[in-house]
Amino acid sequence: MDGTPLTSTPPRTPERRLLGALSLAAAAALSLSACGGAVANALGRQPDPRATTFATGADAKADASLPGWAPDGATDVRVKQRPGGDERIVTMRAALADLPDDCVPVSAEHPLAPRPAQGDPADFRSVSTLTADWWPAEAEQDATVMCGSWWVGERDGVLYAFTPERRTVPVS
């Protein structure tokens, strides 16, 4: 007997290398599995936001995914929201004419700017950090109407709506 405990593998052996490779493979599999999201959450990382689709604006409002200004009759509604954040991007088949009167056109008196319910507007981003294959790059910058804190614009019969996110997250 060489004095090596039965529960250990001697260093620099094929068995030790195999154990290392298996450990790396297990870690990779965990990070790619559904359990990987739970691990990321436990480590304080935000999960990747996912888009939700709805047949109509009324369905999305019933799910609390859209605010009251969204037209009930809108179709092909897509919503993506940052978990734990305020930022949302939305598309829906509808027209600017379908919006209620309290949605106001962007102008010198009503500029396109963050209008949060709470906090300093300077603390909010003016460019979306969310992406989706259905969200054109910088679509939020083409907004022509403000519906509360939402920036809304229209392209080819589709409304694009964005609500800004804070630049920094307050720690309590």
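Quick note: the coordinates plus some simple rules give every number you see, no bench work behind them. Being a predicted model, the structure only gives us computed values, none of them experimental. Neighbour counts run over all protein chains shown; Cβ positions are idealised from the backbone, glycine included.
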Study note, to complete from the structure: Exactly one of GLY68, GLY85, GLY73 is of a type in the set (Gly, Ala, Ser), surrounded by 13 or more Cβ atoms within 10 Å (Cβ to Cβ) and part of a loop (DSSP other than H, G, I, E, B), and that one is GLY85
Review point. Can you name the condition, by its number, that ALA122 falls short on among (1) more than 20 Å from ARG50 (Cβ to Cβ); (2) part of a loop (DSSP other than H, G, I, E, B)?
Key: (2)
Study note, to complete from the structure: In segment 124-140, anything without any contact (Cβ under 8 Å) to a residue 12 or more places away in the chain and of a type in the set (A, V, I, L, M) is listed as ALA137
**Study point:** Matching option when the condition is surrounded by fewer than 13 Cβ atoms within 10 Å (Cβ to Cβ), farther than 14 Å from GLY153 by Cα, free of Cβ contacts under 8 Å to residues at least 24 places away in the same chain and of a type in the set (A, V, I, L, M), among ALA108, ALA97
**Key:** ALA108
Review point. What is the one condition in (1) over 23 Å from GLY84 (Cβ atoms); (2) under 17 Å from the mean Cα position of the chain (by Cα) that TRP150 does not satisfy?
Key: (1)
Exercise for review: Could you please give the count of residues in segment 81-119 that are of a type in the set (Lys, Arg) and under 15 Å from TRP151 (Cα atoms)?
Suggested key: 2
Practice item. Among what's in segment 111-123 and is surrounded by 13 or more Cβ atoms within 10 Å (Cβ to Cβ) and touching a residue at least 24 places away in the same chain (Cβ under 8 Å), pick the residue that is nearest to ARG155 (Cα to Cα). Key: LEU112
